Amino acid sequence: MKHMKIGGLMTGNVISAVPATSFKEVAKLLAEHDISGVPVVDDDDHVVGVVSESDLLARHELTAREVMTRPPVTVHAEETVADAARLMVRRGVERLPVVDVEDRLVGIVTRRDLLCVYLRPDAEIRHRIREEVLTDAMDLPGDAVDVHVLDGVVTLAGRVRRRSHALMLVELAERVDGVVAVVDRLSDEDDATSQVLHTDSARRL
């Protein structure tokens, strides 16, 4: 399955500071560029910290080195949007500096950037589930089950051979970029067989 990578979502022209940047200069950068935080980089463009509005509000008349949060929480350009979102929530941050394989700053991604993924049209989500989940991942016809999408919420309905197949379909659908939640209305042949046997047994009794 294809997942959107951070490299395709990040802002490449990053406003940054250096450790010696003054308190007032950092505040000026935030105001001029209408941003809520900046990464702090060393002479080799390695991210050494992050200064946010809350850092500035807590201190006065210092340099970036003294007010920045460290160690910085960063993400690599090849990581997925879902991974970045989980990292943001787990670490309680609003933005992630994006670094290359040598940990040099190449971009930045914010919570607002990640939320844009969830604005993906329902029709596109439905198409991707049929193509990437049913056909490519599960080797099933695209219409093997009914796929309904409304405001990012996916409902899967129909019958599959085994319950394990149904669980796998739900799990894979949840991973598709833009999916908010998945409603499982799938049935399986094992359940159907079990119900028939139970009914026949009851009748004999």
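Every number here is computed from the coordinates shown, using simple stated rules; none is lab data. As the structure is a computational prediction, the values presented were derived from the model and not from experiment. In this analysis, Cβ positions are derived from the backbone assuming ideal geometry, glycine residues included, and neighbour counts consider all displayed protein chains.
Annotations
- The range 6-117 - percent relative contact order, Cα under 8 Å, separation 6 or more: 31
- Most mobile listed residue (SER54, SER16, SER187) in the chain, GNM with C-alpha springs under 10 Å: SER54
- Note on ASN13 and LEU62: with the Förster distance fixed at 30 Å, the Cβ-Cβ geometry gives a FRET efficiency of about 0.65.
- Once the Cα-Cα distance is subtracted from the 0.36 nm per residue extended length, the ARG90 to GLU32 segment shows a gain of 17.9 nm.
- If you plug the beta carbon distance of ARG162 and HIS127 into 1/(1 + (r/R0)^6) with R0 = 35 Å, you get a FRET efficiency near 0.85.
- Annotation: the residues LYS28, LYS5, sorted from fewest to most other C-beta atoms within 10 Å of their own C-beta, follow the order LYS28, LYS5.
- Taking every alpha-carbon pair within the chain, the share separated by more than 21 Å comes to 62 percent.
- Among ALA123, ALA85, ALA173: highest mean-square fluctuation, GNM of the chain, C-alpha pairs under 10 Å: ALA123
- Ranked HIS165, HIS3, criterion: other C-beta atoms within 10 Å, fewest first: HIS3, HIS165
- The chain: calculated mean residue ellipticity at 222 nm from DSSP helix runs of at least 4, using -39500 (n - 2.57): -10000 deg cm²/dmol
- Spacing of the modelled spin labels on TYR118 and LYS24, each 7 Å from Cα toward Cβ, amounts to 4.1 nm.
- Projecting label points 7 angstrom from Cα along Cα→Cβ for ASP83 and MET138 puts them 2.6 nm apart.
- Per-pair calculated FRET efficiency, R0 = 30 Å: VAL101 and VAL183 via Cβ, rounded to 0.05: 0.15
- Dividing the convex hull volume of the alpha carbon atoms of the range 120-194 by its residue count gives 70 Å³ per residue.
- Under a model in which nothing but the beta-carbon of Lys, Arg (+1) and Asp, Glu (-1) is charged, the chain shows a dipole of about 680 debye around its Cα centre.
- Taking a ≥ b ≥ c as the square roots of the Cα gyration tensor eigenvalues, the range 40-122 comes out oblate, since a/c reaches at least 1.5 and a/b does not exceed b/c.
- Neighbour counts of C-beta atoms inside 10 Å place ILE129, ILE35 in the sequence ILE35, ILE129, starting with the fewest.
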